[in-house]
Amino acid sequence: MTERPPRPARYAGLDGMRAIAVALVVIYHLFPGWIFASGFVGVDAFFVISGFLITSLLLVEHGATGRISLRAFWTRRARRLAPALLLVVTVCASAAWLVGGDVLARMGAQILGAATFSYNWVSIAGGSDYFAATSPELFRNLWSLAVEEQFYVLWPVALPLLLLVRSRVVRVAVVLLLAGASAAWMAQVIGGGDLTRAYFGTDTYAFGILIGVALALILRTALAEPPSWMLRRRVKTLIGSVGVVALAALLVVAMLPATDSGATFPGTMLVASVLTSLVITATTWPGSILGRSLDVAPLRWIGDRSYGLYLWHWPVLVLLTAAAGATTAEVPLSIALVTLAVTAVAAELSYRLWETPVRRRGFRGAATAAWGALRGSPQRRLRAVAAAVALLLVLGGTTAAIAAAPAETSAESAVQAGIDALDNDAQSSEPGATPTTDPIPVPTPAPTPVGGNEITAVGDSVMLASAPALVDRFPGIQVDAAVSRSMYAGPDILEQLSSAGQLRRYVVVALGTNGAIDRATLDEIERIVGPDRELVVVNAHAPRDWIAGVNSELQTFAADYPTVELADWSGAIGPHEDLLAGDRIHPGSAGGRIFADTVAAAVDTAQRDRLDRQYALDLRSYQLNRRLLGSN
């Protein structure tokens with residue numbers, strides 16, 4: 001039997017910190033747009049706690065035995081992580097098979113990523129977009145578990161090498177230098193526009209864990225044998241006050257609005273990691289009042305089950321919203337509350353009946369106990385048989401889910417259809433033909449149909465999904481659309497088109513789906529388009545909390561400029577949401593035709609307004625000339 005290494009003393013308050021961390025993440029997902037707009041920083045808190053605790057454990061073992069038993073360490077990690085993960089994946093995959101639809105998308109790849117603790121890299125390789133609305137991804141939350149598990153594999157191997165350095169200051173400096181490099185690398189990747197790569201990458205997101213590692217290296221000796229100065233009342237009061245302020249600041253940081261820039265990635269997350277390290281310092285300080293305060297029974301209960309709560313809440317939310325025809329971006333209160341209840345019950349049952357027995361007895365011991373139950377009393381045999389049948393059912397359901405899984409969601413199919421339509425349109429264009437740029441037809445009060453060669457359309461994935469209908473309605477239309485664009489990208493795109501002489505008389509802009517907008521950006525777009533062209537802005541329709549503000553801003557903007565027309569996509573598609581993909585954002589072929597019709601109606605109105613303005617000018621000129629001729 002392998003001798004267990006000495007374990008560090010239990011640190012009071014860390015279960016409470018786990019509870020706070022998981023609460024931030026769960027509230028962020030279940031109540032999007034509510035108080036914790038950056039509640040994802042709960043993951044950063046988890047990373048810092050993991051780096052601190054795992055390093056503390058390894059340092060105790062190395063100090064007592066002079067070595068680190070990799071086999072024993074990895075066995076303990078497997079006992080801790082694998083049982084709950086296996087249960088969540090098989091049960092939720094089976095439930096997804098029953099629900100069907102988009103929740104089954106890429107199920108095989110998701111389960112592969114979960115089983116190999118490489119979900120983050122599998123997602124990156126598969127081109128998944130963590131921030132897109134097109135992918136509900138049942139097990140998306142497992143990316144952070146993959147990052148931690150990769151740390152558990154590499155760090156026990158690297159730590160003994162670091163310990164060869166005698167100076168503790170140098171050790172800490174090396175770890176903090178690596179943390180800074182990781183954060184800088186995330187900022188660099190974000191600057192390149194790849195948010196998912198920055199968020200999912202182990203290399204870009206290692207700074208939180210490394211900050212926890214550095215904290216363990218700093219505090220290990222002091223916490224094991226605290227010097228007298230650490231026990232002075234004044235010092236404890238000061239450290240406790242710092243911890244309280246840091247905890248309050250962490251909650252404030254979780255309330256900040258998130259951006260898609262370096263201010264959040266890694267700015268907000270780096271601040272949250274540092275604040276978490278200060279709270280850990282204060283809670284683990286000898287005689288800490290804060291540690292005892294965070295060690296109250298309710299927080300300890302949540303902290304003990306935080307792993308299960310984190311695992312269960314997201315797939316349960318995805319399944320319930322899919323079954324109800326809702327989305328995870330705008331969760332109805334009833335679904336949020338049911339998800340919370342189901343998550344708590346599932347995590348408790350898993351913790352008591354499955355995870356704890358395996359952790360105590362090991363996989364072999366748990367299997368032996370289960371086999372023994374088949375030869376026990378009738379009640380024990382019944383429970384054992386029921387458990388075996390349930391296991392076979394979920395394994396069968398998981399297999400069926402993998403077999404039935406589509407390669408992409410309905411929204412992704414709609415977007416891809418748009419991409420294919422634009423590619424086919426480009427290939428079918430006459431070689432050497434150049435688009436008509438800024439044509440100036442002879443003014444006339446009688447409108448003529450607007451041709452596609454008079455329209456430039458710039459948009460996001462909604463326009464991209466509608467591209468087949470736009471190309472069909474306006475042959476020769478110039479469409480520049482891409483996934484995850486926001487209105488803030490509009491000025492640069494239009495400026496480039498204008499500089500290249502490719503901005504046509506009618507400019508259609510549909511960039512309101514992916515975030516709030518401001519008037520300054522709209523005014524800049526109008527300036528670039530100029531008074532000699534007509535601008536059509538398309539409002540947005542999506543289950544997002546910013547959509548109402550976007551549509552209100554666009555309506556006011558269109559009313560303020562005579563050369564701006566509003567295309568009411570939201571009003572047009574609202575009664576026909578059945579024509580949207582499962583995310584309730586992207587139109588299929590029939591929905592795309594409604595989008596094209598909405599744009600066409602707005603373009604026709606813009607043309608009539610332009611001709612009316614021109615006719616009024618011509619009429620005034622005519623009347624002025626007649627008066628001049630009459631005076632002569």
- prompt: So which residues in the stretch 583-600 are among the polar types (S, T, N, Q) and at pLDDT 95 or above?
  reply: Thr598
- prompt: What number of residues within the stretch 254-266 are part of a helix (DSSP H, G or I), touching a residue at least 60 places away in the same chain (Cβ under 8 Å) and farther than 18 Å from Leu294 by Cβ?
  reply: 4
- prompt: Under 6 Å by Cβ, and 6 or more places apart or on different chains, what pairs join a residue from the stretch 340-361 that is among the small types (Gly, Ala, Ser) with one that is crowded, with 21+ Cβ neighbours inside 10 Å?
  reply: Ala346/Trp312; Ala347/Arg305; Ala347/Gly308; Ala347/Leu309; Ala347/Trp312; Ser350/Ala84; Ser350/Leu87; Ser350/Gly308
message: Can you tell me which of (1) among the β-branched types (Val, Ile, Thr); (2) surrounded by fewer than 22 Cβ atoms within 10 Å (Cβ to Cβ); (3) at pLDDT below 95 is the one Thr321 doesn't meet?
response: (2)
message: When you check Ala254 against the structure, is it surrounded by fewer than 23 Cβ atoms within 10 Å (Cβ to Cβ), in the same structural domain as Phe139 (by TED's automatic domain parsing) and over 30 Å from Ala158 (Cβ atoms), yes or no?
response: no
message: So for the stretch 97-108 (the condition being under 30 Å from Met463 (Cβ atoms), crowded, with 23+ Cβ neighbours inside 10 Å, β-branched (Val, Ile, Thr) and more than 15 Å from the chain's Cα centre (by Cα)), does at least one residue qualify?
response: yes
message: Return the residues of the stretch 399-441 that are part of a helix (DSSP H, G or I), at pLDDT 80 or above and closer than 23 Å to Val89 by Cβ; say none if nothing qualifies.
response: Thr399, Ala400, Ala401, Ile402, Ala403, Ala404
- prompt: Can Thr264 be described as buried (at least 17 other Cβ atoms within 10 Å of the Cβ), assigned by TED's automatic domain parsing to the domain that holds Gly191 and under 31 Å from the mean Cα position of the chain (by Cα)?
  reply: yes
- prompt: Thr237 passes all but one of (1) in a loop (DSSP other than H, G, I, E, B); (2) without any contact (Cβ under 8 Å) to a residue 12 or more places away in the chain; which number fails?
  reply: (1)
task: For Arg76, state whether it is of a type in the set (D, E, K, R) and without any contact (Cβ under 8 Å) to a residue 24 or more places away in the chain.
output: yes
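Yes/no matrix, rows are residues, columns are (1) modelled with pLDDT of 95 or more; (2) part of a loop (DSSP other than H, G, I, E, B); (3) in the same structural domain as Asp295 (by TED's automatic domain parsing); (4) closer than 20 Å to Met269 by Cβ:
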residue: Pro5; (1), (2), (3), (4): no, yes, no, no
residue: Ile35; (1), (2), (3), (4): no, yes, yes, yes
residue: Phe52; (1), (2), (3), (4): yes, no, yes, yes
residue: Ala64; (1), (2), (3), (4): no, no, yes, no
residue: Arg79; (1), (2), (3), (4): no, no, yes, no
query: Looking at Tyr488, Tyr506, which is the one that is under 21 Å from Val603 (Cβ atoms), assigned by TED's automatic domain parsing to the domain that holds Ile455 and among the hydroxyl-bearing types (Ser, Thr, Tyr)?
result: Tyr506
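The values are calculated or read from the model by the stated rules, or taken from the named source; none is laboratory data. On a predicted model such as this, the values are computed, not experimentally measured, just so you know. Please note: Cβ atoms are built from the backbone with ideal geometry, for glycine as well, and neighbour counts cover all protein chains shown.
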